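Report on the following structure.
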Amino acid sequence: MTFVTAAAAESVPDRILGVVALAAMIALLVLLIVAAVDHTRRPRILKALGYGLAGVAGAFAIARGVAEFFVVDFGDPASYRDDWGGPTLLGVLLVHSGPGVVAVITAGYLIRRNRTAHSAVTG
């Protein structure tokens, strides 16, 4: 009988994801240390971190909202009855896709505001 350890059973995509997550955490730690030490760069670093984290959360919300339409079987209420927002289909779609809609609207607003501010400055 052979025993497979958790590390050996881990697939290559899982390992890549783990390495990427570790690298992201190390980069975040370095940026936070730089922000703590260098007071002149602190506002710019923290703003970039805030936008980066908001971007990741927004991308997740959008992807989850889109995926919900493919996961739910609209003809079978049992497929979504126990989900968050259930037992109604409207509640499930609002809970799972609503944050993605909010993320898209917010991103559109921020992009438009940024372009308007740049066009006012440039001419």
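The figures follow:
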{"item": "Average projection area in nm² (convex hull over Cα atoms of the chain, one quarter of hull surface)", "result": "13.9"}
{"item": "Extension gain (nm, one decimal) between Leu46 and Trp84, 0.36 nm per residue minus Cα-Cα", "result": "10.3 nm"}
{"item": "Two-site label geometry, Thr116 and Ile26: point separation in nm, points 7 Å out along Cα→Cβ", "result": "4.3"}
{"item": "q = 0.17, 0.21, 0.26 Å⁻¹: log10 I(q)/I(0) that the Debye formula gives for region 61-123, counting C-alpha atoms only", "result": "-0.61, -0.77, -0.99"}
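No lab work stands behind these numbers, since they all come straight from the coordinates. These numbers come from a predicted model, not from an experiment. Glycine gets a Cβ as well: all are built from the backbone with ideal geometry, and neighbour counts include every protein chain shown.
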